[in-house]
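Taking it in order: structure first as structure tokens, then the write-up.
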Amino acid sequence: MIFLPFRRATILFPTPTDNEPDKRHLFILITNPKEGEVLMTPMSTKQLRSDTSCVLFPGDHKFVRFESVMLYSHSRIEACEKLQRGIKEGHLVAFGPLAESV
């Protein structure tokens, strides 16, 4: 599979914890590549004290099953080549892009 890193692309990324070693979060690429890197932010199911500045609802993306929020405090910059390699090797899973309207 060829993955093109661009704004609105989504990647299922491993985020293991001690209690959930297979846990994953969907990351949304927030920027287009610049100097071979992108800014990406994970989303998570909305909790009582969640930052609600950006809420996604079921139907906004095929991965979203519950009200979800962006975890801006966990944003990170990643090399495009690293993301493409991770998808090619099967460590990461590419999902369809988030709709422009969302």
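Figures for the structure shown
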{"item": "Flag if S101 is polar (S, T, N, Q) and open to solvent by less than 60 Å² (accessible area, probe 1.4 Å)", "result": "no"}
{"item": "Lone unmet requirement of (1) aromatic (F, W, Y); (2) open to solvent by 80 Å² or more (accessible area, probe 1.4 Å); (3) touching a residue at least 60 places away in the same chain (Cβ under 8 Å) for F57", "result": "(3)"}
{"item": "Which numbered condition F6 fails, given (1) among the hydrophobic types (A, V, I, L, M, F, W, C); (2) open to solvent by 90 Å² or more (accessible area, probe 1.4 Å); (3) more than 18 Å from L71 (Cα to Cα)", "result": "(2)"}
{"item": "Residue among F57, F66 that alone is of a type outside the set (A, V, I, L, M), in contact with a Pro (Cβ under 9 Å, 6 or more places away or on another chain) and over 13 Å from I28 (Cα atoms)", "result": "F66"}
{"item": "Tally, over the stretch 60-88, of residues that are assigned to a strand (DSSP E or B) and surrounded by 13 or more Cβ atoms within 10 Å (Cβ to Cβ)", "result": "5"}
{"item": "Qualifying residue in the stretch 27-43 (condition: of a type in the set (K, R) and modelled with pLDDT under 85)", "result": "no"}
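The values are calculated or read from the model by the stated rules, or taken from the named source; none is laboratory data. The model shown is predicted, which means the values in this text are computed figures rather than measured ones. Cβ sites come from the backbone with ideal geometry, for glycine too, and all protein chains shown count toward neighbours. In case anyone asks, the SASA skips ligands and DNA or RNA and just uses the protein heavy atoms, side chains included. Shrake-Rupley method; radii C 1.70, N 1.55, O 1.52, S 1.80 Å.
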